[in-house]
Amino acid sequence: MIFRVSIDARDPCRVAAVLAELVGGRSVRGGAGWRVEASQAAPQMLVVPCEDPCTDAGHCSVTLATSLDIAGVYAIAGREGWPARYRRRAGGLDVIELMLEGARAIEVVTPDMQADHLGKLAASG
């Protein structure tokens, strides 16, 4: 279970709004940045401003579950002008790699992908 993830961004409001849309939540102003809230069981994310220019030092590794299908994730990516591509990770796990602001890669897993991830995790014990 993920309780909190921090991500730096050039436009924290925009990034938080997209992440909230992906997890079916909302973004709210909070502290030094924007909070993403979905439900009590979902992760809370904090998106904070980065210094210009954002560097690889702000690397993050996040896998988000979404209720959207592949087309829905690609539609959001296209609307934002952010690259997204379907990837098969080690062990045959499929993800959509979404580049936040074209610079920060996160993985998004659709319901079909989530079932596969959970099945492979259960099989590996």
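The values are calculated or read from the model by the stated rules, or taken from the named source; none is laboratory data. The structure displayed is predicted, hence computed values, not measured ones. Cβ atoms come from the backbone with ideal geometry, glycine included; neighbour counts cover every protein chain shown.
Quick notes
- Subset of region 80-120 that is small (Gly, Ala, Ser) and more than 21 Å from VAL48 (Cα to Cα) - its residue that is surrounded by the fewest Cβ atoms within 10 Å (Cβ to Cβ): ALA90
- Cβ-Cβ under 6 Å pairs, at least 6 apart or on other chains, region 52-79 side closer than 12 Å to MET99 by Cα and surrounded by 16 or more Cβ atoms within 10 Å (Cβ to Cβ), far side among the aliphatic types (A, V, I, L, M) and modelled with pLDDT under 65: none
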